Amino acid sequence: MAFSLPDPAAFGEPLPLKARPEVLDFLATRRSATALTLTAPAPSEADVESLLRLAVRVPDHGKLAPWRLIILDAAAKTEFAARLQALAEARGDVKQVAKLGKLKAPPMGVAVVSRPRPGDIPEWEQLMSAAVVCANLLYGATAMGYGANWITDWYAYDPDALKILGLEPGERVAGFIFMGTAKETPLERDRPVVSAQVTRWSPPA
Ligand SMILES: Cc1cc2nc3c(=O)[nH]c(=O)nc-3n(C[C@H](O)[C@H](O)[C@H](O)COP(=O)(O)O)c2cc1C
């Protein structure tokens, strides 16, 4: 499948604000698909290109682009998983081996890597921008009808695994976004009760 996106707007071009009820509908009903249920076909090359364009179009204080994306297509992901498996087996860590299922099943993934820049913009804000890249990828793929799942398992934190992924010092994995075709329809999960999460500010006594 190939979804076409509008041509990129030129710098300074007006982007009129308008109601987008279909986006509201999407946000109210979207659901991640469990990585274990993701199978081929993966998003087409054209769709991946579109998704990457959407992914990097995020709020980013200071325009630092403090993140990068590593594409794990089927072959690369298989090799990455094999190397992680060898690492976990060498440690005799059966739990780590078992956790690789969510990496192995989907036909592709993208690692979103946070790489904060020194300077005036707090690192916290740069990390949050990387999280929004993850969300854009997740939402974009879902809006195309693919299944997508944001995963951080041990291999998002383990220093040896990160070396295999090719991370540089100071870089961190914000998430692996796995994508494919969901072989099961995702079911709604428990959602937070809005009133339990929200207060109205009043001046402290
Ligand atoms: C940073 C982050 C890391 C996550 N890592 C995992 C994970 O390793 N394994 C897992 O099953 N779900 C993980 N999740 C949860 C799922 O991606 C997802 O949020 C959950 O299934 C519900 O998603 P939905 O609201 O998109 O339907 C993670 C979520 C976030 C935000």
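The number of residues in the range 157-205 being away from the ligand (no atom under 16 Å from the Cβ) and over 30 Å from residue 72 (Cβ atoms) comes to 10.
Across the range 126-135, which residue is surrounded by the most Cβ atoms within 10 Å (Cβ to Cβ) among those that are more than 26 Å from residue 96 (Cβ to Cβ) and either within 8 Å of the ligand (Cβ to nearest atom) or among the small types (Gly, Ala, Ser) (or both)? Once the filter is applied, the top-ranked residue is 129. Scanning the range 62-74 for residues that are assigned to a loop (DSSP other than H, G, I, E, B) and either in contact (Cβ under 8 Å) with a residue 12 or more places away in the chain or surrounded by 16 or more Cβ atoms within 10 Å (Cβ to Cβ) (or both) yields 62, 64, 66, 73.
Residue pairs whose Cβ atoms lie under 7 Å apart, separated by 6 or more positions or on different chains, with the first residue in the range 146-160 and modelled with pLDDT under 95 and the second more than 9 Å from the ligand (Cβ to nearest atom), do not occur.
Of all residues in the range 37-61, exactly one satisfies the criterion of being part of a loop (DSSP other than H, G, I, E, B) and within 16 Å of the ligand (Cβ to nearest atom), namely 58. Determine if the range 136-149 includes at least one residue that is among the aliphatic types (A, V, I, L, M), within 11 Å of the ligand (Cβ to nearest atom) and surrounded by fewer than 21 Cβ atoms within 10 Å (Cβ to Cβ). No - not one qualifying residue is present in the range 136-149.
If the requirement is being among the small types (Gly, Ala, Ser) and under 13 Å from residue 31 (Cα atoms), which of these qualifies: 135, 174, 131?
Details: 174 fails: under 13 Å from residue 31 (Cα atoms); 131 fails: under 13 Å from residue 31 (Cα atoms).
Checking each option against the conditions leaves just 135.
One residue alone among 122, 107, 116 is under 19 Å from residue 48 (Cβ atoms) and away from the ligand (no atom under 13 Å from the Cβ), and that residue is 107.
Suppose we filter the range 69-104 for residues that are under 22 Å from residue 54 (Cβ atoms) and of a type outside the set (Gly, Ala, Ser); how many remain? It would help to see each step written out before you state the result.
Looking only at the range 69-104, we keep the residues that are under 22 Å from residue 54 (Cβ atoms), and these are 69-74, 76-77.
Restricting the remaining residues to those that are of a type outside the set (Gly, Ala, Ser) gives 69-73, 77.
Summing the residues that are under 22 Å from residue 54 (Cβ atoms) and of a type outside the set (Gly, Ala, Ser) in the range 69-104 gives 6.
With respect to the conditions (1) buried (at least 19 other Cβ atoms within 10 Å of the Cβ); (2) in contact (Cβ under 8 Å) with a residue 60 or more places away in the chain; (3) not polar (S, T, N, Q), residue 77 falls short on a single one, namely (2). For the range 21-36, the count of residues that are part of a helix (DSSP H, G or I), buried (at least 18 other Cβ atoms within 10 Å of the Cβ) and in contact with a strand residue (DSSP E or B) (Cβ under 6 Å, 6 or more places away or on another chain) is at least one.
Look at (1) at positive phi; (2) under 16 Å from the mean Cα position of the chain (by Cα) and you find that residue 138 fails only one, number (1).
The values are calculated or read from the model by the stated rules, or taken from the named source; none is laboratory data. Quick caveat: nothing in here was measured; it's all calculated off a predicted structure. We place every Cβ from the backbone using ideal geometry, glycine too, and count neighbours over all the protein chains shown.
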